[in-house]
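One structure is given here, and the rest of the page talks about it.
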Amino acid sequence: MSSHTLEMKFEIWNDDHGARVEIGEDRDGLGMMEIRQIESDGKTYGRITFDEKAIPLAIEAMQKFHAFLQEREHKGAKVPGNRSLGLEYEEEVRKMRREDIQTTIREKELASLKQMPLNELRTTAVSFSDYPEMRTGGPKCTTCSRP
């Protein structure tokens, strides 16, 4: 009986030159991610592997480096009428950073809540009137008449 292997890979093609970057499982079968640079002649000229835990860090580093390149590219860019694109871009970067911080705070809050014992969660004072979507419709609280 024959066996089969399912492999997933993504290819980023340079349409001008025929070179590509492949992103997929490593060729050694170690369950790692591998990025390969393949030139138009089909030969692999470079490869790098990441274990599963390093992938999010690699993604974050690439995103930050991309933002750095965009910031450097747009810094001081002028359009007709001496209007600077740099200020709009910088405001967008500030918004993205603010959203990243808010997302990280929310993730840490959820992680903290997940570590709390059930009884402590139940006794935590939360005003459900501020969050109508959280009401259960169950019996009312005997001390404050809240649902």
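Computed from the coordinates by the stated procedures, all read-outs in this text should not be read as laboratory data. Source: prediction; values computed, not measured. When we count neighbours, we look across all protein chains shown, and the Cβ atoms used for this are built from the backbone with ideal geometry, even at glycine.
I need the phi-derived Karplus couplings for the range 104-113: 6.51 cos²θ - 1.76 cosθ + 1.60, θ = phi - 60°, integer Hz, Gly and Pro marked x.
So the Karplus estimates, Gly and Pro as x, are 5, 4, 4, 4, 5, 4, 5, 4, 5, 5 Hz.
Please list, ordered by chain and number, the residues whose modelled amide H lies under 5 Å from the amide H of ALA19; skip anything fewer than 5 residues away on the same chain.
Close amide H contacts, sequence-distant or interchain: ASN14, SER40.
So what are the ³J(HN,Hα) numbers for the range 18-23, from phi and the Karplus equation (6.51, -1.76, 1.60; θ = phi - 60°), rounded to whole Hz, Gly and Pro as x?
After applying 6.51 cos²θ - 1.76 cosθ + 1.60, I find x, 7, 8, 10, 10, 10 Hz.
When only alpha-carbon atoms are used, what values of Rg and Dmax, in angstrom, describe the range 9-50?
Answer for the range 9-50, Rg first and Dmax second: 10.4, 34 Å.
Which ³J(HN,Hα) values in Hz, rounded to whole numbers, follow from the phi angles of the range 49-57 under the Karplus curve 6.51 cos²θ - 1.76 cosθ + 1.60, where θ = phi - 60° and Gly and Pro get x?
Values per residue, Gly and Pro as x: 10, 10, 7, 4, 6, 8, 4, x, 5 Hz.
Suppose every Lys and Arg Cβ carries +1 and every Asp and Glu Cβ carries -1, with no other charges. What dipole size does the range 9-50 come out with about its Cα centre, to the nearest 20 debye? Walk me through the numbers on the way to the answer.
Numbers: 6 positive and 10 negative charges, 22 e Å.
My answer is approximately 100 debye.
Could you work out the local net charge near GLY24, counting Lys and Arg as +1, Asp and Glu as -1, over the other residues with Cβ closer than 14 Å to its Cβ?
Here the count lands on -3.
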